[in-house]
2 protein chains.
Amino acid sequence: MTARTASTEALFEDACAGDRAALARLLSIIEGGGDEARNVGRMAYPLTGKGYVVGITGASGAGKSTLTSSLISHLRGKTQEVSVLAIDPSSPFTGGAILGDRVRMQSHATDPGVFIRSMATRGHLGGLSLATSEAVRLLDAVGSPWILVETVGVGQVEVEIARNADTVAVVVNPGWGDSVQANKAGLLEIADVLVINKSDRPGADQTQRDLEQMLELSEFAPNAWRPMIVRTVGTTGQGADELWSAITAHRTQTTADGSLANRRDQRLRNELRAIIERRLEHRAREICTGDRWDAIQNEMLSKTRDPWGAADEMLAGVL
Amino acid sequence: MTARTASTEALFEDACAGDRAALARLLSIIEGGGDEARNVGRMAYPLTGKGYVVGITGASGAGKSTLTSSLISHLRGKTQEVSVLAIDPSSPFTGGAILGDRVRMQSHATDPGVFIRSMATRGHLGGLSLATSEAVRLLDAVGSPWILVETVGVGQVEVEIARNADTVAVVVNPGWGDSVQANKAGLLEIADVLVINKSDRPGADQTQRDLEQMLELSEFAPNAWRPMIVRTVGTTGQGADELWSAITAHRTQTTADGSLANRRDQRLRNELRAIIERRLEHRAREICTGDRWDAIQNEMLSKTRDPWGAADEMLAGVL
């Protein structure tokens, strides 16, 4: 056993005992990737399954952070502990998290029953998705009963991360239906709870009717969960209790009918597939170096080989 | 030679002779992927290099389609032929293109000197990026002198597709600087021309000063191209000539200093790497089937193996 491994194990033990600094360091290790991250994942994995994961997603500006903050307040009012992962894959170049109005959430930062962590992409987006899963598992393993995963934006990766939750809340605003550009179908498809936030603004009734209509047009299996619609005002906390009731109703039903267990199994299967893809990508990077790589690229650039033929040549003997 | 191959070859010959229906069918083949798509790519590749590719990107609502439409009018006024690829990766679930205000562009649809095509993601986003490159090459090969590639949205994939152009125009609006959420740094990083569209609205001067300041803070190699700032009003066509002048100025300089050739080489190298990654992903999908796959997944679900250990086991003997 190396000193490094011992240190990660000590951190893990401390994090399980409630040491937040140790937990934060382990999350940094997960973000960093590599063998040490894997070591954290290996320790966490057998201890997982007790925490409940709520995904919160929606277009930017919908008030997700404020809403998350009001959910935290609601949970703290019931003396529940809660962890929040705020995921921001929107910054492909700078690699830095754009905090924006997330600052508001920091009002909970000094509360020992609340743990908040931002994660931003470092290069590969698939990597962020995997790192988020690992981070969720770590929070679960160290005993967090509620893990809120908030994603910024509604691109494919954001939606994929959000849907990797036990309950997915999709946040919209009054007037949402007017926007041609919103990825409505995709968002509705993953929603277990539909939240009309900023519902004190004009148009909330119309938005509710629109959403109800869309749900009526959707097909659900008999006895399957039908998405609930909840109205909130994140800035005042109004509706946070109804939202939480909807989330726990979803949990109760899906626990009872077995669909939660199925969803969790499916999530792990997808993750395994993603890990395998990442390993192969890593192999691809190893292949694409050296003299042979240079030579084949030059043949392609001089148009004696097309890109697909060049790929065949590089992969010969590997696949 | 199979009948199928002969048919694709006949289509290619027809497309090279100016048959737009044949061109449209070849683009559908490229979108569909597989061996037939590759066959199209192989025929097109040696004929490429004469067309010039202009990428147009920016936040949704910035007026890219209207601006593209005014560029088309400008080029048609100079009797130049032009092709447009409108790329929409924003719809991960439905797989359908969200046309939105792109309808406006259709005023050019009956003009035989204009070829417009929408492409949306079908599943894998990386696949859309590769299909876009193939589509651009096909348009180049059949003799299109100008290929405009317009992307919707500013996520990583959209930005990657847009930057795969010879000249990249980034479209912003007055007041753009107020938005915390915009991926400014990333957009500026790829811009060869910065377009302030809707510049008849208040705040255009301030936005211009902001952009100039950002450019002043950026570092450029001596004699390297410095992004030009152009003001336009897409709805009236105002500024389309200045925008086109900026694009051609960029072309002239980068052709002279060799950076265009470098950029094109780098683009092909990146594409080759992407093709290799896709092949490996395909291999991963092949691996992840069958009894052994089921058994290892079950070990993972029962927590006797963690996901990383399960991946090791599946990849043993492959990598």
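Read-outs: derived from the displayed coordinates by stated rules, not from any lab. Quick caveat, the model's predicted, so the values are computed rather than measured. All Cβ positions, even for glycine, are placed from backbone atoms using ideal geometry, and neighbour counts span all protein chains on display.
Each semi-axis of the equivalent ellipsoid for the protein assembly as shown is √(5λ) with λ an eigenvalue of the Cα gyration tensor; in descending order they amount to 42, 31, 24 Å.
Model label points for B:Ser259 and B:Ala24, set 7 angstrom from Cα along the Cα-to-Cβ axis, are 3.9 nm apart.
Distances between copies of B:Arg251, taken at a point 7 Å out from Cα along the Cα→Cβ vector and listed shortest first: 6.0 nm.
Roughly how large, in nm² to one decimal, is the mean projection of the convex hull of the alpha-carbon atoms in chain B?
Numbers: hull surface 81.9 nm².
Orientation-averaged projected area of the Cα hull: 20.5 nm².
Could you work out the relative contact order of segment A:1-47, using alpha carbon pairs under 8 angstrom and six or more residues apart, expressed as a whole percent? Write out the running numbers ahead of the final one.
Working: 33 pairs, mean separation 15.8, N = 47.
Once divided by the residue count of segment A:1-47, the mean separation gives 34 percent.
So what's the angle, to the nearest 10 degrees on a 0 to 90 scale, between helix A:34-44 and the longest Cα principal axis of chain A? That works out to roughly 40 degrees.
Distance from the Cα centroid of segment A:238-317 to that of segment A:10-47 is 23 Å (rounded to whole angstrom).
Please report, to two decimal places, log10 I(q)/I(0) for segment B:1-47 at q = 0.18, 0.19, 0.21, 0.24 Å⁻¹ as given by the Debye formula with identical point scatterers on the Cα atoms and no solvent. Normalising to I(0) and taking log10 leaves -0.46, -0.51, -0.63, -0.83.
Average projection, convex hull of the Cα set of segment A:129-276: 9.8 square nanometres.
Distances between copies of A:Ala109, taken at a point 7 Å out from Cα along the Cα→Cβ vector and listed shortest first: 5.2 nm. Using C-alpha pairs below 8 Å separated by at least 6 residues, the relative contact order for segment B:169-319 is 17 percent.
Quick one: angle between helix B:3-16 and the longest Cα principal axis of chain B, in degrees between 0 and 90, rounded to 10, please. Its long axis makes an angle of about 10 degrees. Note on A:Lys78: lysines with a C-alpha under 23 Å away, same-chain residues under 8 apart excluded, are A:Lys50, A:Lys64. Taking label points 7 Å from Cα along the Cα-to-Cβ direction, B:Glu216 and A:Asn270 give a separation of 4.8 nm. When the helices of chain A are scored as -39500 (n - 2.57) per DSSP H run of n ≥ 4 and the total is divided over every residue, the value at 222 nm lands at -16500 deg cm²/dmol.
Comparing A:Thr304, A:Thr255, B:Met43 along the charge dipole axis of the protein assembly as shown, the residue lying farthest to the positive side is A:Thr255, per the Cβ-charge model.
Sorted shortest first, the separations between the B:Asp294 label point and its copies elsewhere in the assembly read 5.0 nm; each point sits 7 Å from Cα along the Cα-to-Cβ line. Remark: relative contact order (chain A) = 18 percent; criterion is Cα-Cα distance under 8 angstrom and separation of 6 or more residues. Compute the helix-to-body angle for B:204-217: its Cα long axis versus the longest principal axis of chain B, expressed 0 to 90° and rounded to tens. The two axes meet at around 60 degrees.
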